[in-house]
1. Going by the structure shown, is residue 60 under 12 Å from the mean Cα position of the chain (by Cα) and in contact (Cβ under 8 Å) with a residue 60 or more places away in the chain?
2. Picking from 94, 69, 121, which residue would you name as being touching a residue at least 12 places away in the same chain (Cβ under 8 Å) and either among the aromatic types (Phe, Trp, Tyr) or touching a Lys or Arg at 6+ places or on another chain (Cβ under 9 Å) (or both)?
3. Determine whether residue 294 is modelled with pLDDT of 90 or more and either of a type in the set (S, T, N, Q) or over 24 Å from residue 187 (Cα atoms) (or both).
4. Among the residues of region 67-81 satisfying the criterion of being modelled with pLDDT under 90 and farther than 25 Å from residue 106 by Cα, which is most open to solvent (accessible area, probe 1.4 Å)?
5. I need the full set of residues from region 34-66 which are surrounded by fewer than 19 Cβ atoms within 10 Å (Cβ to Cβ), assigned to a helix (DSSP H, G or I) and of a type in the set (Ser, Thr, Tyr), in order please.
6. Residues 286, 251: which one is loosely packed, with under 10 Cβ neighbours inside 10 Å and either acidic (Asp, Glu) or at pLDDT 90 or above (or both)?
7. With the requirement that a residue be open to solvent by 10 Å² or more (accessible area, probe 1.4 Å) and either among the charged types (D, E, K, R) or farther than 30 Å from residue 137 by Cβ (or both), what does region 82-121 give you?
8. Out of (1) at pLDDT 85 or above; (2) closer than 30 Å to residue 162 by Cα; (3) hydroxyl-bearing (Ser, Thr, Tyr), what's the single condition that is false for residue 52?
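The values are calculated or read from the model by the stated rules, or taken from the named source; none is laboratory data. These figures come from a predicted structure and were not determined experimentally. Using ideal geometry, Cβ is built from the backbone for each residue, glycine included, and neighbour counts are taken over all protein chains shown. All accessible areas refer to the heavy atoms of the entire protein, side chains included, with ligands and DNA or RNA removed. Shrake-Rupley method; radii C 1.70, N 1.55, O 1.52, S 1.80 Å.
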Amino acid sequence: MANTRQKRSLFQSIFGKQKGKTGGENFSQYRLLSSWDSSFTPFSGNAWDISTVRASVDAWARNAAKIQPRHIKRVEGRREDVPGPLNSILQRKPNPYMTAYAFYYRVAAQFIMYNNAFIFPAFDGGKLVALYPINANRIDLVEDAGIMYARMTFATGRVWVCPYEQIIHLRRHYLDNDIFGDDNRPLTPVLETATAFNQSMSKFAKLISVIRGILKATTVTKGEDLTKRRDDFIKDNLRIDSNGAGVIVIDQKYEYTPINEKQTPIPATQLEYVRKEIYDYFGVNDEIVQNKANAEKMDSFYRGELSPFYMQLSQGLTNCIFTNREQSFGNEVFCELDRLQFETLPNRVSAAQFLTNIGAATLDQILDIFGFPPIGGDEGARRVQTLNMVNATLIDKYQLGNKGENPEPEPAPSAPAESEPGANGEEEK
């Protein structure tokens, strides 16, 4: 019996059930204010082939990928975690092909390498089911009926068109273009220097590896005689088939000096220039790349580099997953890294002690600071507080004593608020 099962592709798995226009050939180009070219091509030249660039991008992305986004709701100044399937997508499995770490690593790598990163949210019945990082060969902005679309062309030639507002677009170096982040043109000179440096060092290392010694003529000799004498010397002395004894014999016209130490001299000044320029451009340093940064330097890296990226990611996910009505009820995706994990054990102890002094943390939260498993239940949710701290509303009673005044009546309960819509992006997108 013939196999009637259809072969599926990754393109069909991602876009197969989504509402979109797979061609868009008749769409007109979307006109920008700053440029006639309304397209983006994620081309980095030979940057990714340079080891210092790859190490910089890897260091940036692997730290950014440690993020644990979560669905929260802000109510009356409080920030409450909202359990549900959305957290599973955000924290464990964004799509069937990637773990959360792999997903955020790729988004961060594209963001830092191309200055643009695109995420496609897949919905089923108005409910978010997956998030995919989009690595298209070309993205064109086109227009149809006054709506701006993103036409994505992939390496296989497949094309997908969807409204631009339906994708999540993260930008870096966002100045010249109206929509896309700028290219890496300022990095071109140092990349050319790095390429020339690597090629010259490679050729010099190969030359050093084949030179076995120096044959010096003690008298004035013609060039062709030198070449013939060198070839004769190699044939007579340096080949096993003609010199099995391993003894070199020369006359007084020549001096032979073997080279045993074969080290390639490295121009440290040029190497340091290339590394520093690349590190500065990507916002890293030796300590970050080599995992030697202390808590203070990691905190600076977080505040200067990762925090702005997380802010964009949080706003992009929130706007794409939740409707305006859901956002008005305080629903959002909160992106943050656990910065206490940067700290040394004594600093974490001090932080835990401070939080328990003011009653700001539960027992499970304190255990999590030190990597211990939670207790759970009512005991794990119990807030720990020292008796040295007094509730602000009871200070007068502690200092003056209770004079028997009638306590103020508790405020009446407020009227029930408007019912909240589904908190997982379940309204029709």
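1. Considered against the rule, which asks whether it is under 12 Å from the mean Cα position of the chain (by Cα) and in contact (Cβ under 8 Å) with a residue 60 or more places away in the chain, residue 60 comes out as yes.
2. Matching residue, one of 94, 69, 121: 121.
3. In short, no.
4. 76
5. Across region 34-66, the qualifying residue is only 51.
6. After ruling out the rest, the residue left standing is 251.
7. Across region 82-121, the qualifying residues are 82, 83, 84, 85, 87, 88, 91, 92, 93, 106.
8. Residue 52 satisfies all of (1) at pLDDT 85 or above; (2) closer than 30 Å to residue 162 by Cα; (3) hydroxyl-bearing (Ser, Thr, Tyr) except (2).
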